[in-house]
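K.L.:
The structure that follows is given in the form of structure tokens.
Where a number appears in this text, it was derived from the coordinates with a stated rule and is not lab data. Values in this document were obtained by computation on a predicted structure and should not be read as measured data. With ideal geometry, Cβ positions are generated from the backbone for all residues, glycine too; neighbour counts draw on all protein chains shown.
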Amino acid sequence: LSNIATLKPDVFLWTGDSIYPSKEDRKNAAAGISTLEDSYNQMKDFKPYQKVLEVTEGRVFGTWDDHDYGMNDAGYELPNKQKRQTDYLNFLDVPINDIRRNREGVYHSLVVEGPSDYGKIKLVFMDTRYGRDKHWLPSVGHLRPKGAVIAAFSRFLVKMFAFGYDYAGKVLSDVQWNWLENELVRTDSDDEDGITTTILISSIQLLTTNPMVESWGK
């Protein structure tokens with residue numbers, strides 16, 4: 001973060017895992033309790049991050065991944081999701097009247113100024129946690145101390161032996177899929193607004209040949 005701040009970026013994007021919950025936080029998550037506020041407050045008090053907020057004048061945006069969400073590899077099954085969403089939006093200082101305060105998931109889009117003579121850039125943030133189905137082989141990544149290793153190895157086996165290839169699990173909810181389709185359809189108003197580029201942001205890897213990482217292909 002200190003190195004990023006020296007570059008004086010116009011905006012800063014969290015693309016997942018802005019925090020890593022403590023062991024106690026993970027235990028609470030398993031019990032259906034969200035205690036992530038302390039972790040977010042620690043990040044907000046972290047001096048290098050404060051410097052990023054300063055140089056960007058607060059233009060920090062993002063989406064969450066599993067650790068901001070509260071549990072490794074978790075999806076729709078994690079309880080108390082609305083409280084977790086509120087904690088995350090508070091961390092980003094999202095206005096109380098923002099649409100994300102009343103939807104299921106933190107997906108959203110916004111337009112920022114591009115470099116000089118480049119035009120505007122549309123950022124489309126997806127939420128790959130709130131409505132995501134369980135993996136075909138349920139992950140044990142939240143278990144300690146070996147859970148993440150076991151989860152990675154099980155994903156490797158699933159890939160190598162082509163298990164579950166007919167599994168129709170969703171990464172996004174139907175509502176978010178419809179929203180995303182509308183966001184990606186260019187309109188005349190895009191040209192009128194000077195939007196030249198759209199960047200699609202996913203917290204998990206979309207195109208990867210590594211069978212051990214969590215990705216859309218799982």
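K.L.:
Among residues other than Ser109 whose Cβ falls under 10 Å from its Cβ, what is the net charge (Lys/Arg +1, Asp/Glu -1)? Don't skip to the answer; put the middle values down first.
P.N.:
On the way: positive: Lys122; negative: Glu183.
With Lys, Arg at +1 and Asp, Glu at -1, the neighbours total 0.
K.L.:
Still on this structure, I have one more. How high is the relative contact order of the stretch 1-159, in percent, counting Cα pairs under 8 Å that sit 6 or more residues apart? List each step's numbers first, then the result.
P.N.:
Values: 219 pairs, mean separation 36.2, N = 159.
Relative contact order of the stretch 1-159: 23 percent.
K.L.:
Moving to a separate point now. Once you put a point 7 Å from the Cα of Leu143 and another 7 Å from the Cα of Asp191, both along the Cβ direction, what distance in nm separates them?
P.N.:
Reported label-point gap for Leu143 and Asp191 is 5.7 nm.
K.L.:
Counting Lys and Arg as +1 and Asp and Glu as -1, what is the net charge of the other residues whose Cβ lies under 10 Å from the Cβ of Asp17? Working shown, then result.
P.N.:
Working: positive: none; negative: Asp65, Asp66, Asp68.
In short, -3.
K.L.:
Under the Karplus relation 6.51 cos²θ - 1.76 cosθ + 1.60, θ = phi - 60°, what is the ordered set of whole-Hz ³J(HN,Hα) values for the stretch 123-136, x standing for Gly and Pro?
P.N.:
Couplings: 9, 10, 9, 9, 10, 9, 10, 4, x, 7, 5, 5, 4, 4 Hz.
K.L.:
Quick one: divide the alpha-carbon radius of gyration of the chain by 2.2 N^0.38 Å and tell me what you get.
P.N.:
Numbers: Rg = 18.3 Å, N = 218, 2.2 N^0.38 = 17.0 Å.
Normalised Cα radius of gyration, the chain: 1.07.
K.L.:
Pairs Lys83/Lys170; Lys47/Lys218; Lys83/Lys146: which exceed 30 Å Cα-Cα? Working shown, then result.
P.N.:
Details: Lys83/Lys170 23 Å; Lys47/Lys218 37 Å; Lys83/Lys146 28 Å.
Pairs exceeding the cut-off: Lys47/Lys218.
K.L.:
Lys120: which lysines have alpha carbons under 17 Å from its alpha carbon, excluding same-chain residues fewer than 8 sequence positions away?
P.N.:
Result set, ordered by chain and number: empty.
K.L.:
Here is a follow-up. Could you tell me what percent of the DSSP beta bridges with both partners in the chain are antiparallel, to the nearest 5? Kindly include the intermediate steps, with their values, before the conclusion.
P.N.:
Details: 6 of 16 bridges.
If I count the DSSP bridges inside the chain, around 40 percent turn out antiparallel.
K.L.:
Further, regarding this structure: Just to compare against my own numbers: the Cα pair-distance distribution for the stretch 143-218, 10 Å bins, whole % per bin, please.
P.N.:
15, 34, 27, 16, 8, 1
K.L.:
Which of rounded, prolate, oblate describes the stretch 93-161, given a ≥ b ≥ c as roots of the alpha-carbon gyration tensor eigenvalues and a/c under 1.5 marking rounded, otherwise prolate only if a/b is larger than b/c?
P.N.:
On the way: a/c = 3.12, a/b = 1.96, b/c = 1.59.
Here the stretch 93-161 falls in the prolate category.
K.L.:
Follow-up. Can you list residues from other chains, or at least 5 along the same chain, whose modelled amide H is less than 5 Å from the amide H of Ile195?
P.N.:
Under 5 Å from the amide H of Ile195: Lys120.
K.L.:
Here's a follow-up. Comparing Gly194, Gly141, Gly105, which has the greatest mean-square fluctuation in the GNM of the chain with Cα pairs linked when under 10 Å apart?
P.N.:
Maximum among the listed residues: Gly194.
K.L.:
Additional query: Build a GNM of the chain with springs between Cα atoms under 10 Å: which of Gly169, Gly16, Gly62 gets the top mean-square fluctuation?
P.N.:
Gly169
K.L.:
Right, next: Across the stretch 207-217, in residue order, what do the Karplus-derived ³J(HN,Hα) couplings come to in whole Hz, using 6.51 cos²θ - 1.76 cosθ + 1.60 with θ = phi - 60° and x for Gly and Pro?
P.N.:
10, 8, 9, 7, x, 9, 9, 6, 8, 4, x
K.L.:
Among residues other than Tyr118 whose Cβ falls under 15 Å from its Cβ, what is the net charge (Lys/Arg +1, Asp/Glu -1)? Write out the running numbers ahead of the final one.
P.N.:
Working: positive: Lys120, Lys122; negative: Asp10, Glu113, Asp117, Asp190, Asp191, Asp193.
Summing Lys and Arg as +1 and Asp and Glu as -1 gives -4.
K.L.:
Between Ala168, Ala151, Ala74, which gets the highest mean-square fluctuation from a Gaussian network model of the chain, Cα cutoff 10 Å?
P.N.:
In this elastic network of the chain, the residue with the biggest mean-square fluctuation among Ala168, Ala151, Ala74 is Ala168.
K.L.:
While we're looking at this one, here's another question. Residue by residue through the stretch 91-98, which ³J(HN,Hα) values in whole Hz follow from phi under the Karplus form 6.51 cos²θ - 1.76 cosθ + 1.60 (θ = phi - 60°), with glycine and proline marked x?
P.N.:
Once θ is set to phi - 60°, the couplings for the stretch 91-98 become 4, 8, 6, 6, x, 5, 9, 5 Hz.
K.L.:
Still on this structure: Amide H neighbours of Trp14 under 5 Å, at least 5 residues apart or on other chains, H built in the peptide plane: list them.
P.N.:
Those qualifying (amide H under 5 Å, at least 5 residues apart or on another chain) are Phe61, Gly62, Thr63.
K.L.:
Rounded to the nearest whole Å³, what is the per residue volume of the convex hull around the Cα atoms of the stretch 167-206?
P.N.:
Details: hull volume 3.7 nm³, N = 40.
So the per-residue Cα hull volume is 92 Å³.
K.L.:
Please list, in chain and number order, the residues 5+ apart from Gly131 or on another chain whose amide H is under 5 Å from its amide H, with Hs placed from the backbone.
P.N.:
Ser173
K.L.:
For the stretch 174-192 and the stretch 109-134, what is the separation of their Cα centres, given in Å?
P.N.:
After rounding, the separation between the Cα centres reads 12 Å.
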